[in-house]
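Each remark here refers to the structure printed beneath this line.
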Amino acid sequence: MAPPPQGASSTALSDVELAARLARGAGEVLVAARHRSLLTGRMLGDVGDAVAQAWIAAVLTTHRPHDAILSEEARDSGARLRSERVWIIDPLDGTREYASGRDDWAVHIALTVDGAPTDCAVSLPATGELFRTDEVSQADEPSGRLVVSRYGLNYDTAWVADRLSLRPYSVGSAGAKAMAVVRGDADAYVHGTGQYEWDNCAPIGVALAAGLHCSRFDGSPVVYNRSRPYVRDFVICRSDIAEEMLSALGDLF
Ligand SMILES: Nc1ncnc2c1ncn2[C@@H]1O[C@H](COP(=O)(O)O)[C@@H](OP(=O)(O)O)[C@H]1O
Ligand SMILES: [Mg+2]
């Protein structure tokens, strides 16, 4: 009997298991590409983006040949707008942090079905952490902190920090910020200056699965796989402060 074709599509691998292996595997590729600082800075960032993208695309094409893909590092095509199942990928979120030797960078893998994240994983390869929708839960204790950009507070985050009496806590990368809330290092992440869908889809998928509140500033759900894949604002926070948070965001000028 002939052996099964190599790289044949696998139905045995569940969507969430595939997402987790992609996030973990691409993270290992990225850690290897940093190898003893043979490359640094912009060159390392460019190589990291490219090799992680190539590996993820090859695995997805092999294991889910009928699904569409939207990735920060690949050309977009209108085909995804006709597809129910779309993988939304950021092969390396926090490229600057990765390239400068920091730990706050992430790999984002999300499967969306009809615009909603279902099976997602976010890896933080430099710390060895992997967050997946089927194994995540909300942290018990509030921290009293608001996770903000490495460049400090802006108008929206200063407003929220003041209204909810939260102390700012600086982290790079959208995925690393969102996972700081999942882990319990922060109570909220608020972003009002726009991001692409790949920056927040898997992080929001994981945060929703953990029982956190995730929405647009007006309280509506974040919808994915739009023709222009851009999200103007969103909030991720502990469910017990969601009401107060939405009220503060509703009062923003
Ligand atoms: N105003 C904005 N518009 C578009 N993308 C933004 C943005 N602010 C942050 N991002 C993206 O969100 C990610 C986290 O950014 P930050 O650490 O500054 O919060 C980065 O992704 P990449 O590193 O994948 O490019 C960054 O490009
Ligand atoms: Mg990104």
Practice prompt. Report the charge-dipole magnitude of the chain in Debye, nearest 20, computed about the Cα centre from +1 at each Lys and Arg Cβ and -1 at each Asp and Glu Cβ.
Written response: 680 debye
Worksheet item: Sequence-distant or interchain residues sharing an amide H contact under 5 Å with Ile69, placed H: which?
Response: Trp87
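Given 0.36 nm per residue, what is the gain on full extension from Tyr196 to Thr62 after removing their alpha carbon distance, in nm?
Working: separation 134, 0.36 × 134 = 48.24 nm, distance 2.58 nm.
Gain on stretching Tyr196 to Thr62: 45.7 nm.
Once a ≥ b ≥ c are taken as the square roots of the eigenvalues of the Cα gyration tensor of region 134-253, is the result rounded (a/c under 1.5), prolate (a/b larger than b/c) or oblate (a/b not larger than b/c)? Mind dumping the intermediate values first?
Details: a/c = 1.36, a/b = 1.09, b/c = 1.24.
Since a/c stays below 1.5, the shape of region 134-253 is classed as rounded.
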Worksheet entry | Order of Thr112, Thr193, Thr133, Thr95 under a 10 Å beta carbon neighbour criterion, fewest first | Thr193, Thr95, Thr133, Thr112
Discussion item. Restricting the calculation to Cα positions, tell me the Rg (one decimal) and the Dmax (whole number) of the chain in Å.
Written reply: 18.0, 70
Response to the item:
CD proxy, 222 nm, the chain: helix-only mean residue ellipticity via -39,500 (n - 2.57) per DSSP H run with n ≥ 4, per residue, nearest 500, stands at -11000 deg cm²/dmol
Worksheet item: Can you give me the Cα centroid spacing of region 225-253 and region 145-176 in angstrom?
Response: 14 Å
Worksheet item: Once you put a point 7 Å from the Cα of Arg228 and another 7 Å from the Cα of Ala54, both along the Cβ direction, what distance in nm separates them?
Response: 3.4 nm
Practice prompt. Determine the dipole magnitude for region 22-169: charges of +1 sit on the beta-carbon of Lys and Arg, -1 on that of Asp and Glu, nothing else is charged, the reference point is the Cα centre, and the result goes in debye to the nearest 20.
Written response: 380 debye
Practice prompt. Would you mind computing, in nm to one decimal, how far apart the modelled labels at Asn154 and Leu38 are, each placed 7 Å from Cα along Cα→Cβ?
Written response: 3.8 nm
Worksheet item: So what is the relative contact order of region 15-131, in percent, for Cα pairs below 8 Å that sit 6 or more residues apart?
Response: 30 percent
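Taken together, the values in this text are just the output of simple stated rules run on the coordinates, not laboratory data. Only a predicted model underlies this, so the values are computations on that prediction, with no experimental measurement involved. Every residue, glycine as well, gets a Cβ built from its backbone with ideal geometry; the counts of neighbours run over all protein chains shown.
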